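Data block below; observations after.
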Amino acid sequence: MIKKQQNLRPPHQRPAKKKQFGQHFLKNFSVVENMIKKVKVTKETRVLEIGCGDGFLTKAILNLTNCKELFVYEIDPEWAEYVKNTVKSPKLKINVENILDVDLSKLQNLKPWVLLANLPYQITFPIFYLIQKNRNLFKEGVVMIQEEVAQKIVAKSGRSFSATSIFLQHYFDFKLMEKIGSENFVPPPKVDSRLIHFKPKETVTKIKDEEKFWKFLRLCFISPRKTLTNNLRQTHYDLAKIPENILKLRAQQMTFDDFIKIWELFL
C-alpha cells in the first residue's frame, strides 16, 4: 500500500525564493491530491514534473502513486539541490535544466509519460508549445496555470479566443478543474490559478501546408478586435477569394472550420 505523505516541508536549509523564476510554491495538500487523482499512473508510467520548487508536489507524486520513475526539471540549482537532499527516493531523477532547452525527444524510449506540474506563469505558453511538439510522449497531464491563461486555452469564442486557443485545441482535449486562490501559495501571487487537465487527441485533423496555415491564422488574430479585411489587407493573400460577408467578421467571431475553409481557398 502507498503511504500517505508526511513531513512535506522540512524547515531546515531552505533556499530563498527567486522572483526571476516565478517561484510561488503550493502549500495546500488537497490541491496536489486532486491533481494526482485526475491522472492514471501505473507501475509502468513515468511522471514528468516541471519546476519542483521545494518538493511539495514531488513528494506527493512519490508517496501517492506507484510510478516507475519521476523526472524533475528544475532551473534553480539551489532548490534542485534542496529537493535532492530532502526527498529520498530511488525513483527520483532531478535535472538542473531549463525545460525550454530540453530535447524531450530523448525521452521517447521511456514512455508512457504523465505530466504533473505547477507551471511558472511567464512561460506557460512556451511550455505548451514544447509539449505539443512532443505530444506523442504523453498519455495525459494536469498542470497549474494562471486563471486567465487557462480561460484563453479553452475559449471557443469571445475576447479570450485566440490563435493559440485554436492551435492547442487542435492537438489536445482540455478540461478545466478547480480554481485555486492565491492564498494557497507562498508567497501569494497577485492572480488566481487554475488546474487544467489535458490529453493528446488520438486523431488529429490533417491540415494542408500546416505550418503556413498557423502563420496565416496568427495574422487573422493580429488585432483581434479588427475585421479580417483590416488584419489581412497588408498581406500577400488575395482577399477577393474570401466572401465579403466573412471579411467583415472579426477572428474572434469565427471557428476553426471557418478558418480551414478560408485557407483552402488559397491552396
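For residues that are within 15 Å of GLN13 (Cα to Cα) and out of contact with any strand residue (DSSP E or B) (no Cβ under 6 Å at 6 or more places or on another chain), tally how many sit in the range 84-101. Don't jump to the end; show me each part of the working.
Step one: filter the range 84-101 for residues within 15 Å of GLN13 (Cα to Cα), giving 84-87.
The next check asks that each one be out of contact with any strand residue (DSSP E or B) (no Cβ under 6 Å at 6 or more places or on another chain); those that pass are 85-87.
Number satisfying all stated conditions: 3.
Go through the range 231-261 and give me each residue that's under 14 Å from LEU217 (Cβ atoms), part of a helix (DSSP H, G or I) and touching a residue at least 24 places away in the same chain (Cβ under 8 Å).
ALA251, GLN252, PHE256, PHE259, ILE260
Restricting to the range 194-217, name every residue that is within 20 Å of VAL114 (Cβ to Cβ) and surrounded by 14 or more Cβ atoms within 10 Å (Cβ to Cβ).
Matches in the range 194-217: ARG194, LEU195, ILE196, HIS197, PHE198, LYS199, PRO200.
Any residue that is over 18 Å from MET35 (Cα atoms), touching a Ser or Thr at 6+ places or on another chain (Cβ under 6 Å) and either among the small types (Gly, Ala, Ser) or not assigned by TED's automatic domain parsing to the domain that holds GLU74 (or both) - is there at least one of those in the range 158-180?
no
Give the range 192-216 a look and list any residue that's under 20 Å from PHE259 (Cα atoms) and either part of a strand (DSSP E or B) or free of Cβ contacts under 8 Å to residues at least 12 places away in the same chain (or both), or say none.
Passing the criteria: THR203, LYS206, GLU210, GLU211, LYS212, LYS215.
Checking THR227 against (1) under 20 Å from TYR129 (Cβ atoms); (2) not assigned by TED's automatic domain parsing to the domain that holds PHE56, which test does it fail?
Failed condition: (1).
Quick one: would you say GLU69 is among the acidic types (Asp, Glu) and either more than 20 Å from the chain's Cα centre (by Cα) or farther than 30 Å from ARG250 by Cβ (or both)?
Working: among the acidic types (Asp, Glu): yes; either more than 20 Å from the chain's Cα centre (by Cα) or farther than 30 Å from ARG250 by Cβ (or both): yes.
Yes.
Inspect the range 28-36 for any residue being surrounded by fewer than 22 Cβ atoms within 10 Å (Cβ to Cβ), part of a loop (DSSP other than H, G, I, E, B) and at pLDDT 65 or above and give the result as yes or no.
For the range 28-36, residues surrounded by fewer than 22 Cβ atoms within 10 Å (Cβ to Cβ), part of a loop (DSSP other than H, G, I, E, B) and at pLDDT 65 or above: present.
The values are calculated or read from the model by the stated rules, or taken from the named source; none is laboratory data. This is a predicted model, so every value here is computed, not measured. Positions of Cβ are generated from backbone atoms using ideal geometry, with glycine treated the same way; all protein chains shown enter the neighbour counts.
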